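Computed from the coordinates by the stated procedures, all read-outs in this text should not be read as laboratory data. None of the values given here were measured: they were computed from a predicted structure. As a convention, Cβ positions derive from the backbone with ideal geometry for all residues, glycine included, and neighbour counts pool all protein chains shown.
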């Protein structure tokens, strides 16, 4: 990996501006690989350098990856003038990094939401050519049945004429709940498909995206960083 200036590495975390980094270095509060940093313009490898500020190690990885259990009532957007967004649940330093949701969940839909500042990975996960599976749990009015399963598997047409790729539908219990697997992301697709089958969605929750599954220990409104293994699996 290419070397980066110390002030750029630290400012990219969102915790300090470049001017603040210069003051930290001048005050002797920054250690780089165990030694006091001499100049903010000195360069280091972000993958291997051990950077500490006030004795605390700072993660200078080029990208951040966050898993959130999105609660109902928040927009999957970076900002909105009139309504709260999922970014409001993150600390200021992460918001300053420029994280954004990878794909969107409706305001009333809950569950797995990936946030990152890694544009190439986000593009790959959302690309129609990649066909990344997304699994949703849904509770519906009525009960889904074999005819519904067959209709989604055949690739049904929506009310506006849009044709969907074949999708999976697995009834749960008495059929009032089900799992839906999509390989694309049309607007309100799960709701529109099930509504077209006469089974309006009452509640919807995303459980997984590709190899990444929702950490059920989080709970709505909570988040955590992805593990290195999770990031590597997503990139593959």
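Mean separation of Cα pairs under 8 Å and 6 or more residues apart, divided by the residue count, gives segment 14-70 a relative contact order of 27 percent. Where both bridge residues fall in segment 56-127, DSSP classifies roughly 90% of the beta bridges as antiparallel. When 107, 235, 70 are sorted by how many other C-beta atoms sit within 10 angstrom of their C-beta, beginning with the fewest, the order is 235, 107, 70. Over the chain, Cα pairs under 8 Å with separation of 6+ residues give a relative contact order of 19 percent.
In terms of its alpha-carbon gyration tensor, segment 4-57 comes out rounded; the largest-to-smallest axis ratio a/c stays below the 1.5 threshold.
In this simple spin-label model, placing a label point 7 Å from the Cα along the Cα-to-Cβ direction at both residue 59 and residue 81 gives a separation of 3.5 nm. Footprinting exposure proxy ranking of 174, 80, fewest other C-beta atoms within 10 angstrom first, gives 174, 80.
Ignoring solvent entirely, what values of log10 I(q)/I(0) come out of the Debye formula for the chain at 0.08, 0.11 Å⁻¹ when each Cα is a single scatterer? Taking Cα atoms of the chain as identical point scatterers yields -0.40, -0.66.
Evaluate E = 1/(1 + (r/R0)^6) for residue 127 and residue 35, where r is the Cβ-Cβ distance and R0 equals 45 Å; express this FRET efficiency to the nearest 0.05.
0.55
Spacing of the modelled spin labels on residue 195 and residue 216, each 7 Å from Cα toward Cβ, amounts to 3.0 nm.
Site pair residue 174 and residue 157 shows an inter-label distance of 3.5 nm when each label is modelled 7 Å from Cα along Cα→Cβ. GNM on the chain, alpha-carbon springs under 10 angstrom: the most fluctuating residue among 138, 77, 154 is 154. For the residues 180, 50, 144, a GNM of the chain with alpha-carbon springs under 10 Å puts the largest fluctuation on 50. With just the Cα atoms defining each centre, how far is segment 209-236 from segment 1-61? Give it in Å. The distance from the Cα centre of segment 209-236 to that of segment 1-61 comes to 28 Å. Cβ crowding within 10 Å ranks 51, 229 as 229, 51, fewest other Cβ atoms first.
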